[in-house]
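Nothing in this text is a laboratory measurement; each read-out follows from the coordinates by a stated rule. Given the structure is predicted, the values throughout are model-derived calculations rather than measurements. Cβ atoms come from the backbone with ideal geometry, glycine included; neighbour counts cover every protein chain shown.
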Amino acid sequence: MAAPRKPFDPPTQEQRAFLEQAIEQYGKAIYNFALRLTHNEADARDLTQEAFIRVYRAWRSFVPGTSFLSWAYRIVTNLYRDELRRRKGRYQEEIPEDNAPQAFGGQRPLAVTPIDEYVERQLSEPISKALQALSVDQRQVVILADLEEYSYQEIADIVGCSIGTVRSRLHRARSQLRNLIQHYSATST
């Protein structure tokens, strides 16, 4: 016979205030980060919601004086990796290796997001396509370093790897981006 479940403890006023402030102050940034990772609005909303559930549950583990956004990005990153692992067996397309470009066979992905449209308008079609062709890990470090302007140490904390790994991924990603931009620029003219 199973033990009776403990009733859910109602949140404290302090816990509610922490969560409300986090959502108000960082909700949009966390959603945009999730959207850049997933390239799908529904998945980004789910990922953001799950991240804030985790923030709510682990609010006491946040160390005041440190970057809340880095802590939250780390939560999003871990949730996204977990989801990719769960999905791996359900789809025919495998998760790309760290250095393997992703290709859509000249076709755009079915889900076009506002971020994708913004990137295309602001950066150009070849850069947008090149960014999409990077692996998840490479795209993530490029976004964090070049768009979000995090330091290598902050990126290492978010991604959960060493600074050397961040530098290596970023170097390979930028090199691959250059090659892909040249390729996409040549094919679009």
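Structure notes:
- Karplus-derived 3J(HN,Hα), 6.51/-1.76/1.60, for each residue of segment 56-72, Hz, glycine and proline x: 4, 6, 10, 4, 6, 7, 6, 8, x, x, 9, 6, 4, 5, 4, 4, 5
- HN-Hα J in Hz across segment 12-23 - Karplus 6.51, -1.76, 1.60, θ = phi - 60°, x for Gly and Pro: 6, 5, 5, 5, 4, 4, 4, 5, 4, 5, 4, 5
- Model label sites at SER67 and GLN13, defined 7 Å from Cα along the beta-carbon direction, differ in position by 3.4 nm.
- Contour minus Cα-Cα distance for GLU149 and ALA58 (0.36 nm per residue): 30.1 nm
- The phi-based Karplus calculation (6.51 cos²θ - 1.76 cosθ + 1.60; θ = phi - 60°) puts the 3J(HN,Hα) values of segment 140-150 at 4, 5, 5, 4, 5, 7, 8, 9, 8, 6, 7 Hz, whole numbers, x for Gly and Pro.
- Full extension of the chain between GLN182 and ARG87 yields a length gain of 31.0 nm, computed as 0.36 nm times the residue separation minus the alpha carbon distance.
- Calculated P(r) tail over 21 Å for segment 13-94, as whole % of Cα pairs: 29 percent
- Relative contact order of segment 128-189, taken over Cα pairs closer than 8 Å and 6 or more residues apart, is 42 percent.
- At most 11 other Cβ within 10 Å, DSSP loop - GluC sites (Glu not before Pro), segment 126-189: GLU149
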